Amino acid sequence: QVQLVESGGGLVQAGGSLRLSCAASGRAVDRYAMGWFRQAPGKEREFVAHIVGGDNPSYADAVKGRFTISRDNAENTMYLQMTSLKPEDTAVYYCAAGSRIFHGDYARGMDYWGKGTLVTVSS
């Protein structure tokens, strides 16, 4: 079993940057696909970024070019570097890990989820 804890959320002005971290415990997650998802108020949870291994990232169109997903297997931690933040990026961000991959719906392949960290971007 894997436990995931996000950190790094907060309040930032539009155009600013934040780096989210997802610390995993219980077992190593290097063998898992991992991803970031977000849910804005009144909206469905949506895909943000996904990574298999250490160098196979995928991004939602809304964040591509602005966000970077990465992981440090030695630290058993995943990151989401967010730059050029926009008000529409405001959401609770969740990290997740899983062993199954569903292209077009990455959330379906995720077995473990963190509780989320709130990112608020002001205009």
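The values are calculated or read from the model by the stated rules, or taken from the named source; none is laboratory data. This is a predicted model, so every value here is computed, not measured. Positions of Cβ are backbone-derived with ideal geometry, glycine not excepted, and every protein chain shown enters the neighbour counts. Protein only, heavy atoms only, side chains kept; ligands, DNA and RNA dropped before computing areas. Shrake-Rupley method; radii C 1.70, N 1.55, O 1.52, S 1.80 Å.
Computed about its Cα centre, the charge dipole of segment 19-71 is approximately 140 debye, with only Lys, Arg, Asp and Glu carrying charge at their Cβ. Remark: the residue 88-residue 60 segment gains 8.7 nm on full extension, using 0.36 nm per residue and subtracting the alpha carbon distance.
For the chain, which whole percent of the accessible surface, found with a 1.4 angstrom probe, sits on carbon and sulfur atoms? About 44 percent, which is the carbon plus sulfur part of the accessible surface. Rolling a 1.4 Å probe over the heavy atoms of the protein chains gives the chain an accessible area of 52 Å² per residue. Of 100, 31, the residue with the largest accessible area leads and the full order is 31, 100 (1.4 Å probe). Stretching residue 46 away from residue 99 to a fully extended chain increases their span by 17.2 nm, per 0.36 nm per residue minus the current alpha-carbon distance.
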